[in-house]
Structure formats: structure tokens, C-alpha cells
Amino acid sequence: MPVQEKVQQNMVKTIQDNGMEVPRFQELAQAQSAGSLREVTEDLDEIEKFNTIGQEVMKLQQDMQGEVQGIIEKNDLPAEKFDAIYMAYNTSPKVKEKVDKLLQEDQ
């Protein structure tokens, strides 16, 4: 299982295990980013729960970044080349299709 999928599953599990549904967590995260968290909820317990979950989710993301960096270094792929590939994968449907096909063949 790719690193990002594993981490995404762990984030969902973390959110749910802490008593919040993913859509609500996303709604609160968007409100926090926009500086309007208090407009979305006045419930201090929910805000505290959201903050606790958010810290755990950020830790999972940081761990993933470290793991990805380790994989990149292990395969002697310069960071600049990885970034270029990653950007092309996320912006070009043609590149994404080709990479996904290669990954399927590799499994």
C-alpha cells in the first residue's frame, strides 16, 4: 500500500477514534484556515476535540513526509527531480494515467 494511502487511512481512523466524523473535521479545519472557527461552532468541547485530533493528524503527516523523504533518498532520486515528477503527476492527467498504469503493473 502506498505511503499516502496508509497515512490517509490512519488519519481517518484517528479522527473517528476520537469521536468525530471526517466531514465535520474537514468543515472545522476549513473554518479554522479561514479564521472563522467560532462561526462554525461555539462548543468549546468540540473545539478542544478538534485541536487534539488536529495535532495527531499533523504528526501523521509529518511522519509521512519523513517516510517519503527516506524512500526518495534510498532510491537516489534528487529532491528536485521528485518534485518535478510529483508536480507533473498532480497537474497532468496524461502523466497521472501513465504513472498509475506503471504502478499497477508493478504490483
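What to note about this one:
- From phi via Karplus (6.51, -1.76, 1.60), per-residue ³J(HN,Hα) for the stretch 30-42 in Hz, x at Gly/Pro: 5, 5, 5, 4, 7, x, 10, 4, 5, 7, 8, 8, 9
- Each Lys and Arg Cβ is given +1 and each Asp and Glu Cβ -1; about its Cα centre, the chain then shows a dipole of about 420 debye.
- Share of alpha-carbon pairs per 5 Å distance bin for the chain, given as whole %: 2, 10, 15, 17, 16, 13, 12, 9, 4, 1, 0
- Distance from the stretch 11-70 to the stretch 85-104 (C-alpha centre basis), Å: 29
- Karplus-derived HN-Hα couplings along the stretch 51-59 (A = 6.51, B = -1.76, C = 1.60, θ = phi - 60°), whole Hz, x at Gly and Pro: 5, 5, 4, x, 5, 5, 5, 4, 5
- The relative contact order of the chain comes to 24 percent, based on Cα pairs under 8 Å that sit 6 or more residues apart.
- For residue 96, the aspartates and glutamates whose Cα comes closer than 19 Å to its Cα, not counting residues fewer than 8 places off in the same chain, are 5, 80, 83, 105, 106.
No lab work stands behind these numbers, since they all come straight from the coordinates. If you're wondering where the values come from, they're calculated on a predicted model, not measured in any experiment. All Cβ positions, even for glycine, are placed from backbone atoms using ideal geometry, and neighbour counts span all protein chains on display.
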